[in-house]
Amino acid sequence: MSLYAQYAALLDGVLDDLVAEGALPADLDRSHVTVEPPRDPAHGDLATNAAMVLAKPAGTNPRSLAGLIKPKLEALPPVTSVEIAGPGFINLRLKPDAWRAELRTILREGDAYGLCAVGNDERVNVEYVSANPTGPLHMGHCRGAVVGDSLARILEAAGFRVTKEYYVNDAGAQVDTLARSLHLRYRQALGQDIGEIPEGLYPGDYLKPVAVVLAADYGGDLAEVPEEQWLPIFRQAAMKAMLDLIRHDLALLDIHHDIFSSEAELQGSGAVEEGMQVLREKGLVYQGTLERPKSLDPHDEWEPVELTLFRSTQFGDDQDRPMKKSDGSWTYFGSDAAYHWQKAQNADHLVNIWGADHAGTVKRVQAAVKALTDGRVDLDVKLVQMVRLFRGGEPVKMSKRAGDFVTLADVVREVGKDVVRFMMLTKRADTPLDFDFAKVVEASKDNPVFYVQYAHARISSLKRKAADAGADLSSEADLSLLDDEELALVKRAAQYPRVLEGAALAHEPHRIAFYLYDLAAEFHALWNRGNDDPERRFLIENNPQLSRARLELALGVGQIVRSGLKLMGVAAAEEMR
């Protein structure tokens with residue numbers, strides 16, 4: 001159990017005592033009580049909002065309640081002082097031994113340090129990437145892929161049961177367009193002059209290898225026959241080839257989904273109609289017309305059409321949404337609602353990682369999930385903003401019309417999996433991200449990938465040097481030799497479990513990247529002390545005991561860096577070349 005978890009449990013015991021004494025009601029909701037580092041380290045080692053959160057429901061004021069909690073916390077042996085700050089926050093200071101013990105816990109637990117059971121074995125379905133299978137994945141897809149995969153890793157580390165899913169949009173007209181594009185390339189593979197690629201077809205060269213295979217299999221048999229004869233064949237071949245390509249490209253980032261769900265199979269199975277029937281039985285579907293679109297000019301003609309509508313406004317949406325078109329076919333929303341209902345059969349929570357261009361559909365899908373599951377399953381949608389590509393500060397120009405774009409595979413091959421994965425998490429997912437091919441491989445503090453990896457490489461070099469010098473790494477170091485700056489680094493390392501838990505509950509994997517950068521910065525600052533003063537280096541030739549203590553500190557930090565990078569899907573560097 002981490003130090004923060006220990007003190008949360010001790011605080012809970014203090015509150016139990018106050019309940020037993022009649023000073024607090026027994027039925028208070030304590031779920032929002034936290035134990036965390038104070039914003040300003042000068043205020044202490046730990047802070048709790050217990051009095052602020054519980055005072056009102058307990059019928060008292062925060063400072064009065066804090067006054068009841070304070071003496072009980074002061075009685076805890078590792079606590080040296082307790083202060084009430086502002087309107088009722090409580091700050092605690094601990095004996096240095098508490099932090100020395102936590103460093104030993106980090107080293108003893110190793111990879112298990114920070115893992116927690118906050119997920120309570122609940123089932124989470126994380127759907128991510130889900131790009132239309134009409135070509136290679138590009139850098140926009142890459143960011144969503146890394147965010148989703150890293151989140152899945154974090155949720156598993158926090159005690160959730162995770163299913164990683166990819167939704168294949170193979171029921172729309174774009175798949176027929178892909179098949180027609182492939183047929184054109186097939187004719188080209190047969191030696192025919194296809195001229196310029198017609199507007200509306202996919203122009204990329206990625207279809208050429210598939211076309212060559214089809215030309216070898218069918219010869220010219222499918223070149224001149226009516227479309228209805230060759231379209232199903234080319235549709236199936238194109239879908240298989242694109243999904244194989246997508247799986248291959250994701251594997252370059254060490255991303256593997258548990259399930260690939262087909263929209264076409266969903267519709268063919270009758271699941272959409274089943275979902276519709278559930279909503280009908282709840283009285284949430286009706287025949288009606290939508291309001292005149294506000295975007296239309298007042299002089300434009302508009303004729304209302306009767307549609308099958310879902311009462312999504314009852315669940316927080318802006319307007320009711322059509323589930324069927326006037327021609328009787330399903331809308332995208334109709335299929336999406338059924339798909340999420342299907343996922344919810346085997347999940348307690350749903351998380352979708354979507355591109356920012358899907359922002360307008362979030363409320364309606366959340367409304368459908370709430371309606372179909374009677375609120376049992378929640379849906380959180382994380383919107384991922386675009387990635388802007390640069391090379392040496394200059395924008396990378398691309399042309400969709402020419403089929404000329406930078407693929408995920410191109411970028412991974414140029415700068416490496418670890419660089420790509422780390423960089424995708426250096427900003428919140430809902431803010432644009434700039435990816436400069438020159439900057440991401442730069443050896444500087446301004447490059448977070450390098451800065452964190454360099455910290456781990458330095459720690460690995462310390463361990464090798466100590467071993468080469470004959471140090472007994474199995475013996476226990478005297479951690480009382482660590483000074484205040486060094487213990488401050490232990491305090492930062494000890495925050496890892498709560499950062500992991502917070503990232504899991506908020507569905508924000510970037511928190512791990514931010515934390516690792518701060519941890520690396522503090523480690524590098526300690527390392528740099530030895531540049532001017534040899535006595536402040538981690539390894540001192542004439543002081544083996546102090547060297548051993550500082551090495552233990554470094555190894556503890558290295559363990560945290562490795563664990564955090566693992567959650568990001570990034571390997572920890574043993575040395576920098």
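Assorted remarks:
- Using the Cβ of residue 121 as centre and a radius below 10 Å, the other residues enclosed give a net charge of 0, where K and R count +1 and D and E count -1.
- Sites matching trypsin sites (Lys or Arg not before Pro) across region 1-110 that sit in DSSP coil, with at most 10 neighbouring C-beta atoms within 10 Å: 39
- Applying the criteria of a DSSP loop state and at most 10 other Cβ atoms within 10 Å to the GluC sites (Glu not before Pro) of region 251-299 yields 291.
- Expected 222 nm ellipticity per residue - DSSP helices of 4 or more, -39500 (n - 2.57), all of the chain, to 500: -15000 deg cm²/dmol
- Mean sequence separation of contacting Cα pairs (under 8 Å, at least six apart), scaled by the length of the chain, corresponds to a relative contact order of 15 percent.
- Counted by Cβ distance under 14 Å from residue 514, the other residues give a net charge of +2, where Lys and Arg count +1 and Asp and Glu count -1.
- D (Stokes-Einstein, µm²/s), Kirkwood Cα radius, region 62-117, 1.002 mPa s at 20 °C: 163 µm²/s
- Using C-alpha pairs below 8 Å separated by at least 6 residues, the relative contact order for region 392-508 is 16 percent.
- Using Cβ point charges alone (K and R +1, D and E -1), the dipole size of region 3-94 about the Cα centre works out to roughly 240 debye.
- The length gained by stretching the chain between residue 123 and residue 177 to full extension, at 0.36 nm per residue less their Cα-Cα distance, is 15.7 nm.
- In terms of overall dimensions, the C-alpha atoms belonging to region 448-567 reach 48, 27, 27 Å along their principal axes, ordered largest to smallest.
- 25 Å Cα-Cα threshold exceeded, pairs from 445/566; 208/382; 164/397; 164/208; 95/445; 363/417: 208/382; 164/397; 164/208; 95/445; 363/417
- Phi angles across region 85-92 convert, under the Karplus curve 6.51 cos²θ - 1.76 cosθ + 1.60 with θ = phi - 60°, into 3J(HN,Hα) values of 10, x, x, x, 5, 10, 10, 10 Hz, Gly and Pro given as x.
- Isotropically averaged projected area of region 180-222, using the convex hull of Cα atoms (one quarter of hull area), nm²: 2.8 nm²
- Counting only residues at least eight positions apart within a chain, or on another chain, the aspartates and glutamates with an alpha carbon under 18 Å from that of residue 325 are 263, 273, 274, 291, 303, 306, 336.
- Dipole magnitude for the chain: computed about the Cα centre from +1 point charges on Lys and Arg Cβ and -1 point charges on Asp and Glu Cβ, it is near 920 debye.
- With the convex hull drawn over the C-alpha atoms of the chain, the volume per residue is 219 Å³.
- When the charge dipole of the chain is built from unit charges on Cβ atoms (+1 for Lys and Arg, -1 for Asp and Glu) and taken about the Cα centre, the candidate among 42, 214, 3 whose Cα reaches farthest toward its positive end is 42.
We did not get these values from a lab; they are worked out from the coordinates using the rules stated. Note that the coordinates shown come from a computational prediction; the quantities given were computed from them, not determined experimentally. All Cβ positions, even for glycine, are placed from backbone atoms using ideal geometry, and neighbour counts span all protein chains on display.
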